[in-house]
Amino acid sequence: MSHPVSRTDITVAQLVLSFPKTMTSHFSWFKKLEDMVTFFSLFTTYPFILPFLCLTVILYLSYIIVEKYRQGTRGVAGPPTYPIIGCLIPFYKNRYRLLDWYTHLLSKSPTKTIVIDRLGAQRTIVTANPHNVEYMLKTNFDNFPKGRPFNEILGDFLGNGIFNVDGEMWYKQRKMVSHEFTARSLRDYVVNALKEKVENKLLPMLDLMEAENRAFDLQDLLRRLGFDVVCKVSLGFDPCCLNDSLPFSPLLDAFERASQICAGRGAAPIFAIWQVKKWLNIGSERQLKLAIDQIHSSIANIIRERKIKIRGDNQQETNKDLLSKLILAENFDEEEVRDMVISFIMAGRDTTSAAMTWLFYLLTLHPEIENELVSKELRFLGAEMLTRHEILREMKFLKACLCETMRLYPPVAWDSKHAISDDILPDGTRIKAGNRVTYFPYGMGRMENLWGKDRLEFKPRRWMQESEEDQGAEQVSNLYKFPVFQAGPRVCLGKELAFIQMKYVVASILKRFHIRPACSDPPAFVPLLTAHMAGGFKIFVHKTKYS
């Protein structure tokens with residue numbers, strides 16, 4: 001027996017069949033009130049329609065979001081990016097090889113700039129374009145401070161030190177310290193500290209290693225040397241990290257732990273993870289707090305003792321280091337002084353040792369360059385000659401070797417600023433207020449458009465000038481092509497002192513010893529706050545015929 005077809009059934013069929021068409025016409029069937037009443041009555045008569053409708057609406061809205069997102073990011077180079085999560089998936093997959101991943105993406109980008117949008121982090125623009133770097137660091141310097149996100153990551157550790165602040169506080173510290181770094185007295189103090197450590201500690205240790213034919217970690221040795229020297233120059237305090245007879249310096253260990261954990265904060269796939277751990281005082285954040293407490297306590301004790309000495313009869317003997325000069329200036333309170341010297345120690349602690357470690361490694365791969373360096377610049381130099389600034393300054397080929405090393409293995413692989421207001425980089429990349437803008441020395445050293453097809457080869461000669469008038473050995477006049485010491489108003493104040501230290505140490509070692517790696521495996525470059533060689537650099541040393 002057949003059932004008559006009701007008017008309602010016909011209406012239902014018409015509505016369901018015409019649903020896709022009506023969706024694209026922006027629900028024109030809602031124009032009539034009677035159709036609305038009929039439509040909602042369907043949900044009780046035919047329950048399956050509601051899930052069908054919800055699914056259709058979700059798919060429709062998702063399509064609109066994706067299309068708008070693609071239109072908004074069209075023409076912007078970078079990794080595959082999706083709505084909401086951004087590039088979180090490819091970022092997570094490449095989290096252990098970010099340097100090479102970024103370098104690959106940048107090499108494919110016409111502007112040498114990429115955009116990284118991922119869930120849990122602010123929008124990041126990464127650039128290897130020198131024009132963009134100059135714009136950030138010089139032309140529009142005021143719009144690209146380090147910014148609050150950077151201050152948060154390092155704030156517990158560096159406090160309000162010069163490398164972690166912006167604005168008036170930065171300017172006040174920079175003005176005072178720049179005068180001290182250009183003074184000849186500080187340069188002489190650095191050379192004397194180097195001479196004492198190298199002649200009395202480093203070279204005797206190498207002599208012992210050579211006599212025993214024992215392999216050792218050169219990177220660790222150079223880091224200990226660097227820490228001793230920077231503490232002597234910054235604090236007037238010798239932690240004696242090169243003394244075998246003394247236990248391992250707890251201050252050095254605290255700096256190691258603090259810098260490693262802070263670097264982990266910046267590399268976390270989701271920014272809020274470390275903040276939650278800090279709030280709960282668990283895991284790495286608890287270890288960071290303990291390390292920072294130890295650093296602050298140790299340096300506060302040194303400051304108090306120095307103030308007592310300065311008030312006494314030994315003022316003339318204690319006013320050569322940076323700490324004494326800061327105390328005598330009377331422009332900073334004790335906490336500011338503490339934060340400033342911590343920043344100085346962090347800046348000089350591993351940067352020079354990292355560059356020297358990679359240079360010694362590269363020389364083992366290129367013995368012809370080592371022979372040229374020793375025979376032309378180092379062979380006839382005595383120990384006393386190395387303490388003369390004019391002699392160190394004339395070592396142009398050694399400086400070229402150091403620059404070429406830092407081009408390939410920069411001590412600071414990347415550095416970030418945070419835009420205050422909307423901006424446009426010279427290559428046309430749009431910047432929004434709050435965006436993180438990162439210039440990338442590691443990637444810049446590997447761009448074919450900047451260094452040519454031999455960009456991956458170690459060729460110090462590319463830095464040498466034909467002109468005798470050049471005093472810097474850099475062939476590249478554009479400092480923003482090689483921003484390992486930053487540039488513009490925030491250019492590294494210790495740049496020349498760093499070259500003095502590296503030249504002195506490298507020359508002292510190469511004059512007396514030939515280095516041979518203990519392992520043939522290529523080392524890995526690891527970027528923390530300061531980049532280093534994973535696992536250290538194990539070597540044997542042998543006396544040269546010039547020693």
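So the values come out like this:
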read-out: Qualifying position, being without any contact (Cβ under 8 Å) to a residue 24 or more places away in the chain and open to solvent by less than 40 Å² (accessible area, probe 1.4 Å), among 369, 342, 391; value: 391
read-out: Residue list for region 405-460, restricted to those being more than 24 Å from residue 153 (Cβ to Cβ), surrounded by fewer than 19 Cβ atoms within 10 Å (Cβ to Cβ) and among the small types (Gly, Ala, Ser); value: 428, 452
read-out: Contacts under 9 angstrom Cβ, first residue in region 303-315 being more than 18 Å from residue 233 (Cβ to Cβ) and part of a helix (DSSP H, G or I), partner at pLDDT 80 or above and open to solvent by less than 100 Å² (accessible area, probe 1.4 Å), 6 or more apart; value: 304/334; 307/327; 307/334; 315/324; 315/328
read-out: Selection count, region 458-491, where residues are over 23 Å from the mean Cα position of the chain (by Cα) and either modelled with pLDDT of 90 or more or closer than 19 Å to residue 414 by Cα (or both); value: 5
read-out: Residues (within 27 Å of residue 339 (Cβ to Cβ), among the hydrophobic types (A, V, I, L, M, F, W, C) and touching a residue at least 60 places away in the same chain (Cβ under 8 Å)) located in region 192-230; value: 194, 222, 225, 227, 229, 230
read-out: Residue check for residue 384: surrounded by fewer than 22 Cβ atoms within 10 Å (Cβ to Cβ), in contact (Cβ under 8 Å) with a residue 24 or more places away in the chain and of a type in the set (D, E, K, R); value: no
read-out: Helices (runs of 4 or more DSSP H) within region 352-463 that include 2 or more residues in contact with a Lys or Arg (Cβ under 7 Å, 6 or more places away or on another chain) and under 27 Å from residue 223 (Cβ atoms); value: 389-393, 396-408
read-out: Inter-residue pairs, beta-carbon under 8 Å, first of a type in the set (Phe, Trp, Tyr) and in region 176-191, second open to solvent by less than 40 Å² (accessible area, probe 1.4 Å), 6+ apart; value: 181/494; 181/497; 189/233; 189/321
read-out: Selection status of residue 244, within 30 Å of residue 121 (Cβ to Cβ) and among the charged types (D, E, K, R); value: no
read-out: Check on residue 314, open to solvent by 50 Å² or more (accessible area, probe 1.4 Å), under 25 Å from residue 229 (Cβ atoms) and modelled with pLDDT of 90 or more; value: no
read-out: All positions within region 492-510 that are part of a helix (DSSP H, G or I), open to solvent by 30 Å² or more (accessible area, probe 1.4 Å) and either over 18 Å from residue 162 (Cα atoms) or not charged (D, E, K, R) (or both); value: 496
read-out: Those helices (runs of 4 or more DSSP H) lying entirely in region 166-248 with at least 1 residues among the β-branched types (Val, Ile, Thr) and open to solvent by less than 40 Å² (accessible area, probe 1.4 Å); value: 167-181, 184-197, 218-235
read-out: Among the candidates 294, 287, residue that is in a helix (DSSP H, G or I), within 24 Å of residue 536 (Cα to Cα) and open to solvent by 30 Å² or more (accessible area, probe 1.4 Å); value: 287
read-out: Residues satisfying the stated conditions in region 79-92, i.e. open to solvent by 70 Å² or more (accessible area, probe 1.4 Å), touching a helix residue (DSSP H, G or I) at 6+ places or on another chain (Cβ under 9 Å) and not β-branched (Val, Ile, Thr); value: 80, 82
read-out: Residue count, region 511-528 (criterion: open to solvent by less than 70 Å² (accessible area, probe 1.4 Å) and either more than 21 Å from residue 545 (Cα to Cα) or not in a helix (DSSP H, G or I) (or both)); value: 10
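Conditions tested, residue by residue: (1) in contact (Cβ under 8 Å) with a residue 40 or more places away in the chain; (2) closer than 30 Å to residue 300 by Cα; (3) open to solvent by less than 30 Å² (accessible area, probe 1.4 Å); (4) part of a helix (DSSP H, G or I).
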| site | (1), (2), (3), (4) |
| --- | --- |
| 96 | no, no, no, no |
| 101 | no, no, yes, yes |
| 111 | yes, no, no, no |
| 126 | yes, no, yes, no |
| 135 | yes, no, no, yes |
| 142 | yes, no, no, yes |
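Table: residues versus (1) more than 25 Å from the chain's Cα centre (by Cα); (2) among the hydrophobic types (A, V, I, L, M, F, W, C).
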{"site": "187", "(1), (2)": "yes, no"}
{"site": "208", "(1), (2)": "yes, yes"}
{"site": "213", "(1), (2)": "yes, no"}
{"site": "236", "(1), (2)": "yes, no"}
{"site": "255", "(1), (2)": "no, yes"}
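The values are calculated or read from the model by the stated rules, or taken from the named source; none is laboratory data. Bear in mind the structure is a predicted one, so any value in this text is a computation, not a measurement. Neighbour counts are summed over all protein chains in view; Cβ atoms, including those assigned to glycine, are modelled from backbone coordinates with ideal geometry. Only protein heavy atoms, including side chains, enter the accessible area calculation; ligands, DNA and RNA are left aside. Shrake-Rupley method; radii C 1.70, N 1.55, O 1.52, S 1.80 Å.
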